[in-house]
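Take a look at the structure below.
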Amino acid sequence: MDSLPDIGGESSNSENTGNNNNSLTLAGNSSASSSSSATPSRYENQKRRDWNTFGQYLKNHRPPLSLNRCSGAHVLEFLRYLDQFGKTKIHTPICPFYGHPNPPAPCPCPLRQAWGSLDALIGRLRAAYEENGGKPEANPFGARAVRLYLREVRDLQSKARGVSYEKKKRKRLPPSQPPQLQLPPPPGAI
Ligand SMILES: [Zn+2]
């Protein structure tokens, strides 16, 4: 398992909206972390892995896609591609468990990436893009379409799972890992 270029291993089945709002302030000021010989933070490691994963995705993209031609639409494509590796049950409106946070029985609804994971991922990639020389105004991860998509996913998932992403009680959550995605091996890597 550890050979997977994963975005993390947590099956984020609980609400997880933390750690997605603090990633952008450091963009353009990465000298502090890179000049230090200390162990990179978990966040930095995760960000680097995410960036590599996205690079792999571009590399395997057909037709070929270079970073500077990457648009918000391509980012959405990437997010939809990741969905097939998700581990979060998202009930369809006709499912009897629609809106139940803890269904009592299995159901055939699809598994998706949780919104909190996607949101955090986009934050990391957005920062990584600029740290790797991308211009903020051309940042595809900050595109309006991406923001709208994430909002849509959040609303949809909060309804389907009966989980409010807006008002979050952190009290009962263990101080666990930040939201992370389960990532596939890059296409063509087999
Ligand atoms: Zn269901």
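Values quoted throughout were computed directly from the atomic coordinates according to the rules given, and no laboratory measurement underlies them. What you see is a predicted model, and the numbers here were worked out from it, not measured in a lab. Here the Cβ is made from the backbone with ideal geometry for all residues, glycine too, and neighbour counts use every protein chain on show.
A few notes on this one:
- Pairwise Lys count, the stretch 42-161 - Cα closer than 20 Å, eight or more residues apart or different chains: 4
- Were the residues from E77 through S41 laid out at 0.36 nm apart, the gain over their Cα-Cα distance would be 10.1 nm.
- Distance in nm between pseudo-label sites at L156 and L58 (7 Å out along the Cβ direction from Cα): 2.6 nm
- Restricting the stretch 46-109 to chymotrypsin sites (Phe, Trp or Tyr not before Pro) that sit in a DSSP loop and have at most 15 other Cβ atoms within 10 Å of their own Cβ leaves nothing.
- Residues in the stretch 47-83 that a label on L148 would reach, taking backbone N under 18 Å of a point 7 Å out along Cα→Cβ: 71-80
- Taking amide H positions as modeled 1.01 Å from N, with prolines and chain starts lacking one, the residues under 5 Å from R112 and 5 or more places away or on another chain are K87, T88, K89, I90.
- Structural descriptor for the stretch 42-161: relative contact order 35 percent, calculated from alpha carbon pairs under 8 angstrom and at least 6 residues apart.
- Sorting S66, S117, S71 from the fewest to the most surrounding beta carbons within 10 angstrom yields S66, S71, S117.
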